[in-house]
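First the structure, in the form of structure tokens, and then the observations on it.
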Amino acid sequence: MRAVIRILAGIVVISAFVQCANSQKVLSALPEVLRLGDVVSENWRTEGSPLSGTNIFIPVTSGSDILLDSVYYRGRGAKLEKVQRGSYLVYIGRFENRPKTDIIMHADPRKEVGNQPPEFRKSIPFELEEDEAVVSFKEGNVVKYFRIAHVKEGAPVINPRKE
């Protein structure tokens, strides 16, 4: 009986380690057919408004048949938007910072109706430096990831307020 319990406990422990190993994302090398230009991030804000954020620009110089999906940068993830102007192709990841709103606490629950729930950020599955990003793409039915080192910091952009 003890042998059966030990075997079952061993199976449980081994399956726990296998699950942990499967949950990590594996970084592959940049596909050979894909060539990137200088990857730049720009902080932006709207003049006279609490709206702000960061955009990351990933220009593709060759290998436009590979479709990039998402980008992970500075602890956040975003879907990539494909923008093509003639032969120029760039993917843009947009990270918007939500302004913090005051929470109204009142004995009358009707006065708390306008409260917004707090934004909870999911942790990203990668350990990244401040100037690194990870991009996901699909190759067949398999999602793959590659790391971009040395993301350049562009000049901040101040957008005029629209009335």
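The values are calculated or read from the model by the stated rules, or taken from the named source; none is laboratory data. These numbers were taken from a predicted model, which means no experiment stands behind them. Positions of Cβ are backbone-derived with ideal geometry, glycine not excepted, and every protein chain shown enters the neighbour counts.
Here are some notes:
- Meets criteria (under 26 Å from R45 (Cβ atoms) and in contact with a strand residue (DSSP E or B) (Cβ under 8 Å, 6 or more places away or on another chain)) for E129: no
- Looking across T101, T61, one residue alone is of a type in the set (S, T, Y), assigned to a loop (DSSP other than H, G, I, E, B) and over 13 Å from the mean Cα position of the chain (by Cα). It is T101.
- Residues of the range 128-163 classified as part of a strand (DSSP E or B) and of a type outside the set (A, V, I, L, M), total: 11
Residues are listed down the side, and each one gets a yes or a no for (1) at positive phi; (2) surrounded by 11 or more Cβ atoms within 10 Å (Cβ to Cβ); (3) at pLDDT below 85:
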| residue | (1), (2), (3) |
| --- | --- |
| R94 | no, yes, no |
| R98 | no, yes, yes |
| I103 | no, yes, yes |
| P118 | no, no, yes |
| R121 | no, no, yes |
| P125 | no, yes, yes |
| V135 | no, yes, no |
| K144 | no, yes, no |
| I148 | no, yes, no |
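- Residue match in the range 65-73 (condition: exposed (fewer than 11 other Cβ atoms within 10 Å of the Cβ) and either at pLDDT below 85 or in a loop (DSSP other than H, G, I, E, B) (or both)): yes
- Matching entry among R45, R94 (being part of a strand (DSSP E or B), closer than 21 Å to E132 by Cα and charged (D, E, K, R)): R94
- The residues of the range 47-62 that are under 19 Å from R74 (Cβ atoms) and among the hydroxyl-bearing types (S, T, Y), listed by number, are S52, T54.
- Residue in the range 41-54 that is modelled with pLDDT of 70 or more, within 24 Å of K82 (Cα to Cα) and surrounded by fewer than 14 Cβ atoms within 10 Å (Cβ to Cβ) present: no
- Of the residues making up the range 77-86, just one is within 22 Å of E129 (Cα to Cα) and surrounded by fewer than 16 Cβ atoms within 10 Å (Cβ to Cβ), namely K79.
- Residue count for the range 88-106 under the criterion of being under 12 Å from V71 (Cβ atoms) and basic (K, R): the result is 1.
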